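Here the structure comes first, spelled out in structure tokens, and everything after it is commentary.
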């Protein structure tokens, strides 16, 4: 995999300690040609499948492959529009796959895809995988969880602190491949980036066990691959109840 100068990156996925297979999937892509790189930038994707042993794994891999294929072949121009189109196509392909394969009813996946282009971050998101931005002494979550508990927090019925350990915190309200209409989250404007920023993509197997403050502490004191390993080990030490995936981008 070619990675042009200007960024350090690493990614790691782990089965965890309580699952029989890994339903997470992630990828990084950038164009081979320099002129295409200027137009399309760097693409990263993470997906966390659901729907049983075969269904979840198939859904996450299909989502990642589709998003990469659609984005890489999109007409040069609006990165945000291309990401939204890629998620919509993945949604339709997963639904079609489930219709044609017995035993795959209900298969779906989270999907968070980002593009680093110039000094800006574009993204599209559905589900409860997360995109964080670590800057200076702070860390912010750029995506909102499509989950039942997130709705309770937004409605003021429970606090963010109560949500952290809520027994229904992993119930999704949206995912690729489920339902008819897809309404991905995306920013109104690209997110401006600064030198020293760290962009973090991860599945709930990580953020469910490691707090944002701990996450920032690790990524700001370790090089990318070492930070990935330490974060995965932290999640495993705390039970590793789910698959664990993280991608880090140091600007």
Using the per-residue mean of other Cβ atoms lying within 10 Å as a proxy for protection, in what order, highest first, do the peptides 56-64, 130-138 fall?
56-64, 130-138
Any idea what the relative contact order of segment 1-135 is, in percent, if you count C-alpha pairs under 8 Å spaced at least 6 apart?
25 percent
Once fully extended, how much extra length lies between residue 226 and residue 140, figured as 0.36 nm per residue of separation less the alpha-carbon to alpha-carbon distance?
28.8 nm
Full-extension gain between residue 233 and residue 4, please, as 0.36 nm times their residue separation minus the C-alpha to C-alpha distance.
79.6 nm
Under the classification rounded if a/c is under 1.5, otherwise prolate if a/b is larger than b/c and oblate if not, where does segment 7-67 fall, given a ≥ b ≥ c as square roots of the Cα gyration tensor eigenvalues?
oblate
By the mean-Cβ-within-10 Å protection proxy, highest first, 196-204, 90-98 rank as 196-204, 90-98
Projected-area average for segment 1-147 over all orientations - Cα convex hull basis, square nanometres
10.1 nm²
Does segment 184-241 come out rounded, prolate or oblate, given a ≥ b ≥ c as the square roots of the eigenvalues of its C-alpha gyration tensor, rounded meaning a/c under 1.5 and, failing that, prolate meaning a/b above b/c?
oblate
Taking a label point 7 Å from the Cα of residue 189 along Cα-to-Cβ, the residues of segment 64-90 whose backbone nitrogen sits under 16 Å from it are 80
On a full-extension model of 0.36 nm per residue, what is the gain between residue 99 and residue 33, subtracting their alpha-carbon distance, rounded to one decimal in nm?
20.0 nm
Per DSSP H run of at least 4 residues, take -39500 (n - 2.57); add these up for the chain, divide by its residues and hand me the 222 nm value, nearest 500 deg cm²/dmol.
-11000 deg cm²/dmol
Ranked output for segments 104-113, 176-185, 29-38, 117-126 by mean other Cβ atoms within 10 Å, highest leading, reads 104-113, 117-126, 176-185, 29-38
Taking the number of other C-beta atoms within 10 Å as the exposure measure, put 219, 70, 3, 115 in order starting with the fewest.
3, 70, 115, 219
R0 = 25 Å: FRET efficiency of residue 181 with residue 65, Cβ-based, nearest 0.05?
0.65
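Since every read-out is calculated from the coordinates, none of them should be taken as a lab result. Given the structure is predicted, the values throughout are model-derived calculations rather than measurements. When we count neighbours, we look across all protein chains shown, and the Cβ atoms used for this are built from the backbone with ideal geometry, even at glycine.
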